[in-house]
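Encoded as structure tokens, the structure appears first; notes follow it.
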Amino acid sequence: MNKLLTTITLLFFSVAANAQEKEIWACQSATGDGAGVNWQNGSTTIRPTNPFTLLLTIDGVASNLKLDGADIPAMCTDDAWVSCLDETNTYHLILNKLRGQAALSSLFAAVLPKDFRNENGGAIYAVYFSCSKF
């Protein structure tokens, strides 16, 4: 009986030690905190980005970026520096947890065929965020 109780106790503590709690960060950018390159009708324009809101839930492979209300499933590392990629590798987010600063980039449009990009539009951009942990 004592062996069974000891085994159950050890198992409980090992599971609890390995479980990581989700972290939630709220982030905001301001006008001019980023820039993008747009392709449209065969030409490019560089423009400042509009303000973005970002809610980041760090939970390993079940992480989530909520970018201006749109849910984007992602996979994140969890260390002093967090790195997240969405499922399609369109967005890459880096968060410095010690400073509460993040950067989000999207380079996907740069690898689209030129004709498709020119006809349908596309953009690459990078945006800076100030973040707070909940």
In the stretch 87-100, which residue that is in contact (Cβ under 8 Å) with a residue 24 or more places away in the chain and assigned to a loop (DSSP other than H, G, I, E, B) is nearest to residue 22 (Cα to Cα)? 97
Positions within the stretch 44-82 being under 16 Å from residue 100 (Cβ atoms) and small (Gly, Ala, Ser), in sequence order: 80
What are the residue pairs meeting all of these: first residue in the stretch 42-61, first residue farther than 18 Å from residue 79 by Cα and at pLDDT 90 or above, second residue in a loop (DSSP other than H, G, I, E, B) and of a type in the set (A, V, I, L, M), Cβ atoms under 9 Å, and 6 or more apart or on different chains? 51/30
Listed residues 103, 123; which is in contact with a strand residue (DSSP E or B) (Cβ under 9 Å, 6 or more places away or on another chain), in a strand (DSSP E or B), modelled with pLDDT under 90 and not acidic (Asp, Glu)? 123
Would you mind stating whether residue 18 is at positive phi and either loosely packed, with under 14 Cβ neighbours inside 10 Å or modelled with pLDDT of 90 or more (or both)? no
Within the stretch 102-121, restricting to residues that are closer than 30 Å to residue 24 by Cα and more than 12 Å from the chain's Cα centre (by Cα), the one that is surrounded by the most Cβ atoms within 10 Å (Cβ to Cβ) is 109
Within the stretch 21-86, considering only strands (runs of 3 or more DSSP E) that don't extend past its boundaries, which have at least 3 residues that are β-branched (Val, Ile, Thr)? 43-48, 53-58
What pairs come out if I take residues in the stretch 108-130 that are more than 17 Å from residue 47 (Cβ to Cβ) and pair them with residues that are among the β-branched types (Val, Ile, Thr) and modelled with pLDDT of 85 or more whose C-beta lies under 6 Å away, six or more apart or interchain? 108/90
Taking the condition of being in contact with a strand residue (DSSP E or B) (Cβ under 6 Å, 6 or more places away or on another chain) and over 22 Å from residue 44 (Cβ atoms), how many residues in the stretch 83-95 meet it? 8
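The values are calculated or read from the model by the stated rules, or taken from the named source; none is laboratory data. Here the structure is a predicted model, which means the values were calculated and not measured. Cβ coordinates were reconstructed from backbone atoms using ideal geometry, including for glycine residues, and neighbour counts include every protein chain displayed.
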